[in-house]
Amino acid sequence: MAIRRTYLRPMDGWWRRDPFFLRYMAREATSVFVVAYALILLWGLVRLAEGEARFDAWLAWLASPLSVAFHVLLLAVFAYHTWSWFAIMPKTMPPVVVGGRRLPARAITAAGVAVAVAASAALFALATVLA
Amino acid sequence: MRKRSSQPFFWLLFGAGGMLSALLGMGLVLVTGVAAPLGLEPPSVMSYGDVLAFGRNGAGKAFLFAVVSLFLWHGAHRIFHTLHDLGVHAGLVAKLACYGGALVGTVVAAAALLWIGF
């Protein structure tokens, strides 16, 4: 049987072809940073279980310039995650009808981002007050 | 009868983790990674004593467990489904690596939180 040489469209770097794909990949890439942050916290939990000296060593690492710079990057990535999460939300949730009209996607996204900013600010304030 | 897909279960964990990280991720990173190390919060906010007391409290323990485990399940599910887009075959090995990794992290988090007591 003859070998068929069908044309295969090269897919290398396909996501760089279109800004829409680029945004899609940026949104998916946030997951790597969410995992990285979860592992930093998990590492802290293990250090907490190991005792005060080990926990303080973890705190010292958190205060290093490399860690602070990474967390500033994490902050930007989490902000993008928040925005993209609520940007998709109108497509993943059932339609909301208010007064006979379907609630526009932009309103859902804006409400979600507003709640997230308020919740994060409340967490920050609560940590300051309870400390 | 067809074998039921396990994906709705993983999607639920992905969704819960995605929502939690979208709502509180910025605040958490700001407190633990930026404000506390730079001294913008009272020094006790991340001190051993206060974090231990928080972790021994039932609600605090549940919160820490939810944050760490759900963030991991969220990331694992999303990474698993993005592998195909990067030209990596998302087969059994990839599935075990992604979801297995999240499971190991969840068990370690639970063990550490139980270890510190109540």
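Since every read-out is calculated from the coordinates, none of them should be taken as a lab result. Keep in mind it's a predicted model, so treat the numbers as computed, not measured. In this analysis, Cβ positions are derived from the backbone assuming ideal geometry, glycine residues included, and neighbour counts consider all displayed protein chains.
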Inset, instruction - Only residues that are away from chain B (no Cβ under 12 Å) and either assigned to a helix (DSSP H, G or I) or within 27 Å of B:A102 (Cβ to Cβ) (or both): list them for the stretch A:1-15, please. - result: none
Inset, instruction - Could you check how many residues of the stretch B:18-48 are farther than 21 Å from A:A121 by Cβ and either surrounded by 19 or more Cβ atoms within 10 Å (Cβ to Cβ) or touching a Phe, Trp or Tyr at 6+ places or on another chain (Cβ under 8 Å) (or both)? - result: 1
Inset, instruction - Specify which of the listed residues (B:V68, B:V51) is crowded, with 18+ Cβ neighbours inside 10 Å, β-branched (V, I, T) and either more than 17 Å from the chain's Cα centre (by Cα) or farther than 30 Å from B:P8 by Cβ (or both). - result: B:V51
Legend entry - Pair list, Cβ under 8 Å, 6 or more apart: the stretch B:78-106 residue under 16 Å from A:V32 (Cβ atoms), other residue surrounded by 15 or more Cβ atoms within 10 Å (Cβ to Cβ) and of a type in the set (K, R): B:F80/B:K95
Legend entry - Scan of the stretch B:71-84 for residues that are surrounded by 13 or more Cβ atoms within 10 Å (Cβ to Cβ) and either more than 7 Å from chain A (Cβ to nearest Cβ) or of a type in the set (G, A, S) (or both), ordered by number: B:W73, B:G75, B:A76, B:H77, B:F80, B:H81, B:L83
Inset, instruction - For the stretch B:23-60, enumerate the residues that are over 29 Å from A:W85 (Cα atoms) and of a type in the set (S, T, N, Q). - result: B:S44, B:S47, B:N57
Legend entry - Hits in the stretch B:36-66 - residues which are without any contact (Cβ under 8 Å) to a residue 12 or more places away in the chain and at the interface with chain A (Cβ under 7 Å from one of its Cβ atoms): B:P37, B:L38, B:E41, B:P42, B:S44, B:Y48, B:D50, B:V51
Legend entry - Given (1) in contact (Cβ under 8 Å) with a residue 24 or more places away in the chain; (2) touching a Leu at 6+ places or on another chain (Cβ under 9 Å), number of the condition A:F86 does not satisfy: (2)
